[in-house]
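To keep things clear, I will list the structure first and then write my remarks on it.
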2 protein chains.
Amino acid sequence: VPAAPRTIHDLATPALLVERSAFEHNRATMSAARPGANLRAHVKAFKSTAVARILHDAGHRTFCAATVKEVVGLASAGLGDDLLLANEVLDARRLGAVVRGGNRVTLAVDSDVTMRAAAEGGVPEVLIDVNVGLPRCGCDPGDAGRLADLARSLGLTVRGVMGYEGHLMDWTDRARQAEEVERSMALLLAAHGDVGGDIVSAGGTGTFDINTWANEIQAGSYLFMDTHYAKVGLPFVEALSLLTTVISVNRAGGWAVVDGGLKALAMDHGNPSYAGGEVFFCSDEHTTIVPAPDQPVAVGDRVRLAPAHVDPTIAKHPVLWVVDGEDVVDSWAVDLRDW
Amino acid sequence: VPAAPRTIHDLATPALLVERSAFEHNRATMSAARPGANLRAHVKAFKSTAVARILHDAGHRTFCAATVKEVVGLASAGLGDDLLLANEVLDARRLGAVVRGGNRVTLAVDSDVTMRAAAEGGVPEVLIDVNVGLPRCGCDPGDAGRLADLARSLGLTVRGVMGYEGHLMDWTDRARQAEEVERSMALLLAAHGDVGGDIVSAGGTGTFDINTWANEIQAGSYLFMDTHYAKVGLPFVEALSLLTTVISVNRAGGWAVVDGGLKALAMDHGNPSYAGGEVFFCSDEHTTIVPAPDQPVAVGDRVRLAPAHVDPTIAKHPVLWVVDGEDVVDSWAVDLRDW
């Protein structure tokens, strides 16, 4: 690969591509709907300070993260105005160091133990993480007030509440989805009444428009989208694809093989899609495709696969190549992956 | 994380662990069954020059790889005695540079186009890759002789044939499996008759003992194993686990949440397993588990998940921590991941 590849034909494959116009459409659409701090952009989706900086420059200076490494990396990149680790940790010392470095860090807590970890690690501000229906983290809504009192007794500032309605993200019946989100957010608002503070943080790409109860939405996948989210009917378009090279064609069998597989594509939402035919199956470093009869491929052709799930696909790559059709116009390091 | 963690409690989680005694059992078992060059250890499984060096020191000086990066990295680590890229590539120039650096590189080819790529890239030796039943790469067995002639006309040395019976790896009925492997290898041996050369390379962890037709076996996963391979009844034991921390416990719901999810675990073979109960579901950075009633967990506990598929799980991590129970005794960088 040249130091500065000019077209996709200069890239070693597999390579993850972002179509610039689609990304920009998605970014602008969300910024219009959720300007400034109404969006707390979720860095877990893309794990890249370069992408975070684009959002920062568009007025979104509050970020949330899923890992300590993401928080540390955002702060190191000068993006530490207001960082929320929207996840519980038992060892908050790396976060405390970020705070002492002059950044603002808020930590989600949902138990006495994680609350004490925040205090002992040197993180002065917390959000009470409330379970709003997804079987994952978050305290019982009825316990939120007690936890807020505990926080204050430990000298912590309670900025408010967060709750993630992750079980409601990808519904295609959006009217029923809205009803369920309202029910879920009623739990969060009740907890907020007990907790106090300015922040009610919730939501994601799939509820960015219908969650009108939270005052900040935690979304990140909308920038790239995937075949899973694409089924929901959101105003965002697919911007991400895996560039591969056809390395083998079996005319008798009707299949072809490309040089990107499940080490380059998240499989938790199923196979990727191939616009020129069907995906037969993915192996570690290969995908076997069945080209449509009127769209045969030849060894050496470059073809794109559409990932089924954006966040973990990006986490498998060291870099995102930004393209305008076949031209490579930029690259964004995925510098916040791993832990 | 300290520079030199002494126990698993010093590690940031999630962290990928290798139980040293289990790894050593697996390594020794294979070395006894397939000594020296009878094993062409497959580096794709672990993507680590540290692991490759252990095999090299145990007498296995021939390696195979799935990516150009793996070949380049092995050579850079001084392990370039005999490297096979068991995969087709269209651009062999990085491999040609490895050859000029004094290493031996052999490239799999299955078409005129990939053959010419080998010659143009400066790779002087090839294996004819033959399709033996898996719908993936490999020429028609009847075309292998013609390809070998083409190779020689281009000035290439043909070292023999390879074929991967990947569709026969994880059968639990081993008698039927052996019959199918024989049928598959009959195709490869017929092609070998047309091609010539010393090498008949095939197999994998799942057929290491019953593929008696190949004179070298391409296996790597046996060193670590996973819950998928564990069902087959091989003499290898599970050595790999994901260390996580319990970050949230929901007593009313009966579940607990640990801080490692599908970004740390390959999902193409399904969920990981949890010995102390059930795995409910995996999210990006979490796994929700249901502890057995007699094995409750508390926030802060460290628990291990067993991955369903070893190769792509390792490829998600920067390092393997080698442990003896709770003691960390070594670390192996996963330095050959990405492309």
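Only the coordinates and a few stated rules stand behind these numbers; no lab work does. Not measured: the values here are computed from a predicted model. Here the Cβ positions follow ideal geometry from the backbone for every residue, glycine too, while neighbour counts run over all protein chains shown.
At a glance:
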read-out	value
The protein assembly as shown - Rg and Dmax from Cα coordinates, angstrom	25.9, 82
Rounded FRET efficiency, nearest 0.05, which uses the C-beta distance separating A:LEU154 from B:VAL319 and R0 of 30 Å	0.30
Principal semi-axes in Å for the range B:171-217 [√(5λ), Cα gyration tensor, largest first]	21, 12, 6
Kyte-Doolittle mean at least -0.5 and Cα axial length at least 27 Å: DSSP H helices in chain B	B:174-195
Rounded to 5, the percent of DSSP beta bridges in the protein assembly as shown classed as antiparallel	50
Residue-span extension gain [B:ASP112 to B:VAL237] - 0.36 nm each, minus C-alpha spacing	40.8 nm
Percent of beta bridges antiparallel (DSSP, the range A:123-266, rounded to nearest 5)	25
Under-5 Å amide H pairs with B:VAL319, H placed in peptide plane, nonlocal only	B:VAL334
About the Cα centre, charge dipole magnitude for the range A:50-209 (Lys/Arg +1, Asp/Glu -1 at Cβ), debye	600
Bins of 5 Å, starting at 0 and running to the largest distance - Cα pair percent for the range B:203-282	3, 12, 19, 19, 15, 11, 8, 5, 4, 2, 1, 0
Virtual paramagnetic centre 7 Å along Cα→Cβ of A:ALA175, amide N under 20 Å, in the range A:201-225	A:207-212
For chain B, share of DSSP beta bridges that run antiparallel, in % to the nearest 5	50
With 10 Å bins from 0: P(r) over chain B, alpha-carbon pairs, percent	6, 25, 30, 22, 12, 5, 1, 0
Ellipticity estimate at 222 nm from DSSP helix runs (n ≥ 4, -39,500 (n - 2.57)) divided over the protein assembly as shown, nearest 500	-8000 deg cm²/dmol
Using a 7 Å Cα-to-Cβ projection, A:ASP81 label spacings across copies, nm, ascending	5.9
Rounded FRET efficiency, nearest 0.05, which uses the C-beta distance separating B:ASP327 from A:THR212 and R0 of 51 Å	0.45
Exposure proxy order (Cβ contacts within 10 Å, fewest to most) of B:THR67, B:THR212	B:THR212, B:THR67
Linear extension gain, B:ASP294 paired with B:SER21, 0.36 nm per residue minus alpha-carbon span	95.4 nm
Restraint check, A:LYS47/A:LYS263; A:LYS44/B:LYS316; B:LYS44/B:LYS69; A:LYS44/A:LYS263; A:LYS44/B:LYS47; A:LYS231/B:LYS316, Cα-Cα greater than 22 Å	A:LYS44/B:LYS47; A:LYS231/B:LYS316
Gyration tensor (alpha-carbon) shape descriptor, the range B:1-132, a/c threshold 1.5	prolate
Exposure proxy ranking, count of Cβ atoms within 10 Å, fewest first, for A:SER76, A:SER184, B:SER21	B:SER21, A:SER76, A:SER184
The range B:291-339 and the range A:307-322: distance between their alpha carbon centers, rounded to Å	22
q = 0.13, 0.22, 0.27 Å⁻¹: log10 I(q)/I(0) that the Debye formula gives for the range A:262-326, counting C-alpha atoms only	-0.39, -1.04, -1.29
Size of the range A:66-113 as Cα extents on the principal axes (Å, biggest first)	31, 17, 15
Pairwise centroid distance, computed over Cα atoms, of the range A:84-142 with the range B:54-131, Å	49
Backbone HN-Hα couplings from phi across the range B:156-162 [Karplus 6.51/-1.76/1.60, Hz, Gly and Pro as x]	8, 8, 9, 8, x, 10, 9
Around A:ALA239: net Lys/Arg minus Asp/Glu count, Cβ-Cβ under 15 Å	-4
Fluctuation leader among A:HIS56, A:HIS309, A:HIS167 - chain A, Gaussian network, Cα springs under 10 angstrom	A:HIS167
Taking chain B and dividing mean pair separation by its residue count, relative contact order in percent (alpha carbons under 8 Å, at least six apart)	21
Total formal charge among the other residues, if their Cβ is under 13 angstrom from that of B:ILE199, Lys/Arg +1 and Asp/Glu -1	-2
Volume per residue of the C-alpha convex hull in the range B:141-273, rounded to whole Å³	149
Net charge over other residues, Cβ less than 12 angstrom from the Cβ of A:ALA50 (K, R count +1; D, E count -1)	-1
Gaussian network model of chain A, Cα within-10 Å springs - most flexible of A:GLY145, A:GLY155, A:GLY206	A:GLY155
Charged-residue dipole, Cβ positions (Lys, Arg, Asp, Glu), the range A:274-316 about Cα centre, Debye nearest 20	120
Separation of alpha-carbon centers, the range A:185-215 and the range B:213-279, rounded to whole Å	36
Choice from A:ARG251, A:ARG174, A:ARG159 with maximal GNM fluctuation in chain A (Cα, 10 Å cutoff)	A:ARG251
